[in-house]
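Trainee: One structure, pasted below without further comment.
Laboratory data are not the source of any read-out in this text; all were calculated from the coordinates shown. Treat the numbers as computed from the prediction; the structure is a model and nothing was measured. A quick note on method: Cβ atoms are made from the backbone with ideal geometry, for glycine too, and the neighbour counts reach across all protein chains shown.
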Amino acid sequence: MIDIHCHILPEVDDGSPSLEHSLIMLQKQKNDGVTAVILTPHVQSRVQTATLEEHQEKFKVLKEKTKQRGIDIDLYLGAEVFYRGHLDPDYQTMAMNGTKYVLLEFPPALPTPIEEVVYDLSRRGFIPIVAHVERYEYLSLDDYHGIKQSGGLLQMNASAAMNQDHKVRKGIVPKLLKNELIDFIATDSHNIMTRVPNLKLAYDYLKGSLRPEYLEQIFYTNAKKLIE
Amino acid sequence: MNEQLEQTNEISLVDLFKILRNNIVLITVLTLLIGLIAALYAFLIVDPTYKSNAYVLVQVQNDPSSSTDFDLINAQRLLATAADLISMPVVLEKVIDDLSLDLTPTQLKDGLTVTSSNTSYFINVSFISDDLIESKEIVNAVIDAAIDFADNNVAILEDNIIRTSFAKDGVYEAPNKPLYVIIGLLLGGILGVGIAFIKEMFNNTFRTKDQLEAAFGIQVLGVIPQFQVKEAKKHEAK
Amino acid sequence: MKRNKTINELFNGEPIERYDYLVTKEQPLSYVSESFQKVIINLDYANIDGNFKVIQFTSTLASEGKTTFISNFSYLLGQKGKKVCFVDLDLRKPKLHRVFNVTNRQGLNDYLSGKLEIKDLVRHSDEVGIDYIISGEKTSAVVNVLEAKKLHDLIQNLKEKYDYVLLDTPPVIAVSDALYVAKLADGVIFLVAQNIARKTLVKEAIQTLQNNKVKILGTVLIQVNLKTGEYGYGYDYSYKYEE
């Protein structure tokens with residue numbers, strides 16, 4: 001399995017508070033059967049506490065330490081970009097592992113024209129991934145279809161897939177999964193206490209209700225394209 | 001050109017047919033639905049009723065000594081008396097007794113019809129009941145009881161009411177099932193057509209080129225139909 | 001033209017707006033394309049003196065199918081050898097960029113605020129065979145933009161270079177944008193979608209235009225459902241005229 005959305009990079013946002021913490025989280029991922037992780041710290045967000053350069057440095061340190069500890073897991077750097085309409089950043093600097101994929105986050109309650117943003121970015125050559133899509137209260141099933149049609153990909157959090165997220169409105173998670181609209185399941189894990197890496201749990205949870213090929217795609221094959 | 005802002009309200013026969021055709025489903029469904037309801041009602045809910053009847057003859061004695069006028073009035077009175085007698089409570093109570101009927105005299109009277117004619121001495125006694133045997137038995141019993149009572153209590157009628165036929169098993173009387181179904185279908189049809197026309201009246205969008213042109217007097221440059229996208233071009237992920 | 005959601009689509013959940021699909025290009029022999037040709041012919045008659053170069057398109061409500069209509073219309077004009085420029089003046093809900101599959105940046109708003117040169121403003125599409133101007137970054141000062149002298153000059157400029165300048169504007173009822181644009185246009189073609197806008201609203205829209213002395217060149221009845229046989233020509237056609 002591959003996790004494309006997590007806050008395991010230490011001391012850069014509201015995720016892992018220390019290097020040691022990160023290593024424990026990575027060990028948990030490894031135990032769960034995760035072979036590769038894309039670290040996606042918050043960017044353009046009020047919880048961001050480090051610059052992009054600092055991300056690179058911390059990333060290098062984390063990779064070394066992980067190897068030292070003998071945790072056999074591949075690490076990549078990306079970002080979770082909070083979309084700000086008035087800003088026009090160079091999204092390539094915040095892309096996933098230097099690819100054209102960009103992980104985007106939007107306000108959960110304030111209606112935002114996500115489809116237009118996705119359309120815009122895709123015509124500029126990027127492949128936008130919308131993070132934890134189940135959280136956006138103002139999107140209808142048609143809206144989700146529209147986002148995909150305009151070139152976007154949808155990521156769902158593992159906890160939401162297991163119906164553990166109470167902030168999510170009723171019924172949307174099964175609908176999204178049943179219609180196979182989701183492209184990625186990721187942990188969005190922040191620490192080892194309250195928002196633990198839980199990819200394996202989600203996989204087991206969904207195993208019975210989804211097509212095996214589809215299950216494989218959303219936990220592995222789709223994500224593989226980001227690390228090639 | 002602004003004078004024609006009000007939509008002209010003329011409708012042609014062709015338009016009427018079009019309205020019916022566009023709502024054919026609605027009309028058919030309603031017709032069948034109400035027809036079905038009527039059929040269910042007629043066949044399953046309403047109890048069928050049966051009618052039996054029989055005749056009695058009232059013998060009117062001719063007195064050669066009296067005048068014909070008097071005889072006529074007398075005869076008529078006798079006939080009427082006999083008819084009234086048959087449906088009197090005292091007779092009906094005996095019938096109820098004899099047959100152990102679960103009816104009051106009034107109820108019995110309701111189902112009973114005694115008719116006498118101006119032109120003959122025959123009286124027809126009929127009864128409508130939901131049981132065809134019962135209707136027969138009641139008619140016969142009523143006649144028996146009436147004759148019995150007359151013979152024992154009414155001098156002018158003693159031995160003069162004569163049974164001329166026995167009632168047979170009741171004949172189906174009501175409800176008229178085919179009629180119910182036909183009425184149901186008609187009502188459904190009328191309802192369907194009515195709704196279709198009302199819908200049409202309230203539809204206040206523009207439907208045709210002519211409507212559009214007539215409303216504003218501005219030239220309609222063309223009419224573009226809906227179309228479908230022929231191939232599904234899926235956006236490729238790069 | 002928005003096609004009605006067929007039951008099939010509802011089950012498959014396919015969205016319906018495909019602005020980049022030009023039916024006149026993909027199904028040139030279809031009855032739909034023929035209908036567009038008829039509109040062009042009728043417009044030619046109305047435009048015999050060549051007075052109407054800058055044509056504004058508007059409707060009563062949003063999403064009646066304006067943009068789709070104009071894109072197909074301009075494609076056919078281009079096919080006939082006319083030089084056409086299609087300008088997106090619906091600054092609130094711009095759709096033009098979707099017809100050409102580009103992102104909505106470096107457009108009219110950027111030009112008007114001085115950030116863009118005119119040569120970069122007008123784009124060409126080989127696929128459609130016409131030139132176009134997208135609206136650019138959204139602005140809240142829509143009325144200022146529409147009243148700007150710079151815009152007026154731009155349109156005059158385009159008028160000289162093209163046979164037709166086609167303007168996409170917002171619906172009349174929602175906002176007054178269409179009225180501001182009308183001052184820039186030679187005439188208006190008013191689009192009415194079958195069975196969508198109430199007659200009273202359409203009347204209100206047209207009257208508003210007429211009260212403002214706007215020249216209405218004509219109307220077009222669009223999104224007509226052929227199955228009910230009600231498009232006023234009196235006989236039935238299936239839209240599959242020829243494959």
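Trainee: Suppose R0 equals 56 Å; then what is the FRET efficiency for residue B:156 and residue B:191 from their Cβ-Cβ distance, rounded to the nearest 0.05?
Mentor: That pair, residue B:156 with residue B:191, gives E of 0.40.
Trainee: Run the Debye formula on the Cα coordinates of chain A, all scatterers equal and no solvent, and tell me log10 I(q)/I(0) at q = 0.13 1/Å.
Mentor: Treating every Cα as an identical point scatterer, log10 I(q)/I(0) equals -0.71.
Trainee: Can you give me the orientation-averaged projected area of the convex hull built on the Cα atoms of the stretch C:97-214, in nm²?
Mentor: If I average the Cα hull's projected area over directions, I get 8.4 nm².
Trainee: Another question, then. For the stretch B:98-214, compute Rh as the Kirkwood radius over C-alpha pairs and then the Stokes-Einstein diffusion coefficient at 20 °C and 1.002 mPa s; write the answer in µm²/s, rounded to an integer.
Mentor: 110
Trainee: If you don't mind, another one. In the P(r) worked out for the stretch C:9-131, what percent of Cα pairs fall beyond 25 Å?
Mentor: That fraction is 30 percent.
Trainee: Would you mind working out the magnitude of the charge dipole of the stretch A:2-227 relative to its Cα centre, with +1 at each Lys and Arg C-beta and -1 at each Asp and Glu C-beta, to the nearest 20 Debye?
Mentor: Here the stretch A:2-227 has a charge dipole of around 460 debye.
Trainee: A further question on this structure: How much of the pair distance distribution for the protein assembly as shown lies past 40 Å, counting alpha-carbon pairs only, in percent?
Mentor: 58
Trainee: Based on the Cβ-Cβ distance from residue B:130 to residue C:207, what FRET efficiency comes out when R0 is 51 Å, to the nearest 0.05?
Mentor: 0.15
Trainee: Let me ask something else. What base-10 log of the normalised intensity I(q)/I(0) is obtained for chain B from the Debye formula, alpha carbons as equal point scatterers, at q = 0.08, 0.14, 0.15 Å⁻¹?
Mentor: Those come out to -0.60, -0.97, -1.03, one per q.
Trainee: Mind jotting down a quarter of the surface of the convex hull over the alpha carbons of the stretch B:153-208, in square nanometres, one decimal?
Mentor: Directional mean of the projected Cα hull area for the stretch B:153-208 stands at 9.3 nm².
Trainee: Select from B:153, A:147, B:52 the residue farthest towards the positive end of the dipole of the protein assembly as shown; place +1 on Cβ of Lys and Arg, -1 on Cβ of Asp and Glu, and compute about the Cα centre.
Mentor: The listed residue farthest towards the positive side: A:147.
Trainee: Could you tell me how many degrees, from 0 to 90 and to the nearest 10, lie between the Cα long axis of helix C:31-46 and the main elongation axis, the longest principal axis, of the Cα atoms of chain C?
Mentor: 50
Trainee: Let me know the charge dipole size of chain C about its Cα centre in debye, to the nearest 20, where only the beta-carbon of Lys, Arg (+1) and Asp, Glu (-1) is charged.
Mentor: 540
Trainee: When DSSP assigns beta bridges and you keep just the ones with both residues in chain C, what percent turn out antiparallel, to the nearest 5?
Mentor: In chain C, DSSP labels about 10 percent of beta bridges as antiparallel.
Trainee: With label points built 7 Å along Cα→Cβ from the Cα atoms of residue A:86 and residue C:195, find their separation and express it in nm.
Mentor: Output for this residue pair reads 4.6 nm.
Trainee: Using a Förster distance of 41 Å, how high is the FRET efficiency between residue A:213 and residue A:112, based on the Cβ-Cβ distance and rounded to 0.05? Let's see the in-between values first.
Mentor: Values: r = 33 Å, r/R0 = 0.80.
Calculated value: 0.80.
Trainee: List the aspartates and glutamates whose Cα sits under 17 Å from the Cα of residue B:168, skipping any in the same chain fewer than 8 residues away.
Mentor: B:130, B:131, B:134, B:137, B:144
Trainee: Let me ask something else. Output the 0 to 90 degree angle, nearest 10, between the alpha-carbon long axis of helix C:199-211 and the longest principal axis computed from the alpha carbons of chain C.
Mentor: Result, in degrees: 30.
Trainee: Grab every C-alpha pair in chain C, bin the distances at 10 angstrom width from 0 up to the longest one, and report whole percents.
Mentor: The calculated distribution, bin by bin, is 7, 32, 38, 19, 4, 0.
Trainee: So, one more: Can you give the convex hull volume of the alpha carbon atoms of the stretch A:17-130 per residue, in Å³?
Mentor: 122
Trainee: Could you give the angle, 0 to 90 degrees to the nearest 10, between helix B:24-40's Cα long axis and the longest principal axis of the Cα atoms of chain B?
Mentor: 20
Trainee: Next up: Find the eigenvalues of the gyration tensor of the Cα atoms of the stretch A:85-141, then list the square roots of 5 times those eigenvalues as equivalent ellipsoid semi-axes, largest first, in whole angstrom.
Mentor: On the way: eigenvalues 84, 28, 22 Å².
Semi-axes (√(5λ), whole Å): 20, 12, 11.
Trainee: Which is farthest toward the positive dipole end of the protein assembly as shown among B:129, A:177, A:38, measuring Cα position about the Cα centre, with Cβ charges +1 (Lys, Arg) and -1 (Asp, Glu)?
Mentor: So the residue we want is A:38.
Trainee: Can I ask one more? Note down the magnitude of the dipole of the protein assembly as shown about its Cα centre, charges +1 on Lys and Arg C-beta and -1 on Asp and Glu C-beta and zero elsewhere, to the nearest 20 debye.
Mentor: Dipole size: approximately 3920 debye.
Trainee: Using only helices, what value at 222 nm comes out for chain B when you add -39,500 (n - 2.57) per DSSP H run of length 4 or more and divide by the total residues, to the nearest 500 deg cm²/dmol?
Mentor: Helix-only estimate at 222 nm: -16500 deg cm²/dmol.
Trainee: Starting from the exponent 0.38 and prefactor 2.2 Å, build the expected Rg for the stretch C:177-216 from its residue count and divide its actual Cα Rg by it.
Mentor: 1.18
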